[in-house]
């Protein structure tokens, strides 16, 4: 079974220069190959294969000797990543591959010849030993290491390993739990537990505003503007780390608590939300984007499946909030400002969010019992052909406590 670990690394000044050259070579090769793929497709109607892209390297290194600054296999991985990016696009799992900029996040991947030597990570080529803040031991075979530099200037090593264990079989024989996602409360379970939304962006909004105002006053292409840009990037990175830390802890808490119960929860059900359409509401776009519902679903999925539990997403058109969980009577409309309502048929008073979580759990059990992914056609429910956005969740992500163009340029 594959697992991922992410550690903070601290390259020396010489190593930072060498990494910058490698980042530049990989970025240039990606942009060159992508431009060639687009031109070939416009001319012939066909793209370029991974083998054809990799075949360009020998001649390119003769024309541009500085490409030899990067480790050879790092450039080979660029061709692999580009072919996978096109495959994901044609299978509607991602958008069309874009050109990379030297002003954004930079990364290179080493597919082999990487190992730990004490507190140092040894990379092939001219990089050598880099000090790594390793907060846990890795007892597995290292498959791929990706070195990245964020816009705030910090370096990280993402390590993919194979521990040799078999992926556990998913179980559906046991207790199920439904999870409804919201804004006031981030997550509400069918057991009645509510987890507040920490609203990380709001906490740092004033600090971010001041630094952005200072950035806007700086002269373009000046050193002071570069320093101000770095300060803005650090605030954004702080918000992202806080959000990611919260989502990791909450998803782990939900999975662990329901694994350790006496009956054992085997099914975790979440509503599949159309975040892309929801953020079109300009009054709620900022707070919806700050929640990170999609990232939470991805984390919940791979953590549950590692424990042998089933993760299931309920169709976004399923009327979980408007349906009475007792008699299944459905109300005509239910505005967002109404947080509790009484069923006209059975006179049961419902908490809007808990009632939705119970309906999500019930729908998940129905889907699993029938062996179909079709959502129940209740009154007002519309069918959807959308596939799950979490179908390719990463296996495991372990975070450090200390974390949490040019055309061809």
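The values are calculated or read from the model by the stated rules, or taken from the named source; none is laboratory data. None of these values were measured; they are calculated from a predicted model. FYI the Cβ positions are ideal-geometry reconstructions off the backbone, even for glycines, and counts take in every protein chain you see.
Observations on the model:
- Count of the range 247-277 residues which are farther than 19 Å from residue 361 by Cβ and at pLDDT 90 or above: 4
- Within the range 150-176, restricting attention to residues that are within 23 Å of the chain's Cα centre (by Cα) and outside any loop (DSSP other than H, G, I, E, B), the residue that is farthest from residue 111 (Cα to Cα) is 155.
- Selection within the range 153-182 - in contact with a helix residue (DSSP H, G or I) (Cβ under 7 Å, 6 or more places away or on another chain) and crowded, with 17+ Cβ neighbours inside 10 Å: 176, 177, 178, 179, 180, 181, 182
- Test: residue 67 is in a helix (DSSP H, G or I) and touching a helix residue (DSSP H, G or I) at 6+ places or on another chain (Cβ under 8 Å): yes
- When we screen 64, 32 for residues that are assigned by TED's automatic domain parsing to the domain that holds residue 125, closer than 22 Å to residue 108 by Cα and either exposed (fewer than 12 other Cβ atoms within 10 Å of the Cβ) or within 28 Å of the chain's Cα centre (by Cα) (or both), the only hit is 32.
- Residue within the range 188-195 that is under 19 Å from residue 313 (Cα atoms), assigned by TED's automatic domain parsing to the domain that holds residue 243 and part of a strand (DSSP E or B) present: yes
- Of all residues in the range 276-287 being over 16 Å from the mean Cα position of the chain (by Cα) and assigned to a helix (DSSP H, G or I), the one that is farthest from residue 196 (Cα to Cα): 277
Rundown of residues vs (1) under 22 Å from residue 194 (Cα atoms); (2) in contact with a strand residue (DSSP E or B) (Cβ under 8 Å, 6 or more places away or on another chain), yes/no style:
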{"residue": "297", "(1), (2)": "yes, yes"}
{"residue": "303", "(1), (2)": "yes, no"}
{"residue": "309", "(1), (2)": "yes, yes"}
{"residue": "327", "(1), (2)": "no, no"}
{"residue": "336", "(1), (2)": "yes, no"}
{"residue": "340", "(1), (2)": "yes, yes"}
{"residue": "350", "(1), (2)": "yes, yes"}
{"residue": "356", "(1), (2)": "yes, yes"}
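- Test for residue 202: is it out of contact with any strand residue (DSSP E or B) (no Cβ under 9 Å at 6 or more places or on another chain) and at pLDDT below 95: yes
- Subset of the range 5-44 [in contact with a strand residue (DSSP E or B) (Cβ under 7 Å, 6 or more places away or on another chain), more than 22 Å from residue 80 (Cβ to Cβ) and outside any helix (DSSP H, G or I)]: 7, 8, 9, 10, 11
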